[in-house]
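The values are calculated or read from the model by the stated rules, or taken from the named source; none is laboratory data. Bear in mind that the values here come from a model prediction, so they are computed numbers and not experimental data. Reconstructed Cβ throughout: ideal geometry from the backbone, glycine too, with neighbour counts over all protein chains shown.
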Amino acid sequence: MKKIMISKGLVLALFGVFLTSLVSAQAEDKSKRASPPATATGQVMGATITIDYSSPAVKGRKIWGGLVPYGQVWRAGANEATLFETNKDIKVEGKDLPAGKYSLYAIPGEKEWVIIFNSKTGQWGVKNDESTSEEPANDVLRVTVKPVKSTEFNERMKFVVGDKGFALEWENLSVPVSIE
């Protein structure tokens, strides 16, 4: 009787370890997240631009001025802070940005947005108190741009890199940023 109890306990313990490892393995699969990872890449003025981000969905929510408040720093995506990389020095909205990797943040507004390139990379996009992980002391460049109505509804947030720059597109809004 005692051996049967010990055997059952051992089987349950092994099952628990198996189940934990299975759940852990699935948690590491970023493609299964509610906001899966995505990459936008392209050539702009001879520079290769790559933007790695997590792509949240609208899901019937009010995005601008709702889920994403106006006038507050936002991580420009979900999960980890969005990563912007250029292999050459570029001008963003006429201002110099050296080649390198940057966390990309934004301060959305109804009529103007501030786009922030921050030298600290690799962090989660928000802190425990839900404020962004952007540290202004590490800002390399801030530029002001004007959002426009997008040509189509975008359920998932995306970045698009074109020959004149890049744009953040989500819901009914496009936020173009020029690069030269």
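So, of the residues in region 96-127 that are surrounded by fewer than 14 Cβ atoms within 10 Å (Cβ to Cβ) and either among the aromatic types (Phe, Trp, Tyr) or out of contact with any Asp or Glu (no Cβ under 8 Å at 6 or more places or on another chain) (or both), which turns out to be modelled with the lowest pLDDT?
So, considering only residues that are surrounded by fewer than 14 Cβ atoms within 10 Å (Cβ to Cβ) and either among the aromatic types (Phe, Trp, Tyr) or out of contact with any Asp or Glu (no Cβ under 8 Å at 6 or more places or on another chain) (or both), the one modelled with the lowest pLDDT is LYS127.
Working carefully through the options GLU180, GLU130, GLU93, GLU135, find the one that is closer than 18 Å to THR50 by Cα and modelled with pLDDT under 95.
Sole residue among the options that is closer than 18 Å to THR50 by Cα and modelled with pLDDT under 95: GLU180.
Regarding region 141-151, can at least one residue be identified that is in a strand (DSSP E or B), free of Cβ contacts under 8 Å to residues at least 12 places away in the same chain and within 17 Å of ILE63 (Cα to Cα)?
No, there is no match, as no residue in region 141-151 is in a strand (DSSP E or B), free of Cβ contacts under 8 Å to residues at least 12 places away in the same chain and within 17 Å of ILE63 (Cα to Cα).
Between GLU85, GLU134, which is buried (at least 17 other Cβ atoms within 10 Å of the Cβ) and not in a strand (DSSP E or B)?
Sole residue among the options that is buried (at least 17 other Cβ atoms within 10 Å of the Cβ) and not in a strand (DSSP E or B): GLU134.
Results for (1) aliphatic (A, V, I, L, M); (2) free of Cβ contacts under 8 Å to residues at least 60 places away in the same chain, shown as yes or no for each residue.
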position	(1), (2)
LYS62	no, yes
ALA81	yes, yes
ALA99	yes, yes
SER103	no, yes
SER119	no, yes
MET157	yes, no
VAL160	yes, no
GLU169	no, yes
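Please work out which one of (1) assigned to a loop (DSSP other than H, G, I, E, B); (2) over 26 Å from SER178 (Cα atoms) is the condition GLY77 fails and give its number.
Among (1) assigned to a loop (DSSP other than H, G, I, E, B); (2) over 26 Å from SER178 (Cα atoms), the lone unmet condition for GLY77 is (2).
Give the residues of region 42-99 that are under 16 Å from the mean Cα position of the chain (by Cα), closer than 23 Å to LYS120 by Cα and aliphatic (A, V, I, L, M), sorted by residue number.
Within region 42-99, ILE49, ILE51, VAL68, VAL73, ALA76, ALA78, ALA81, LEU83 meet the criteria.
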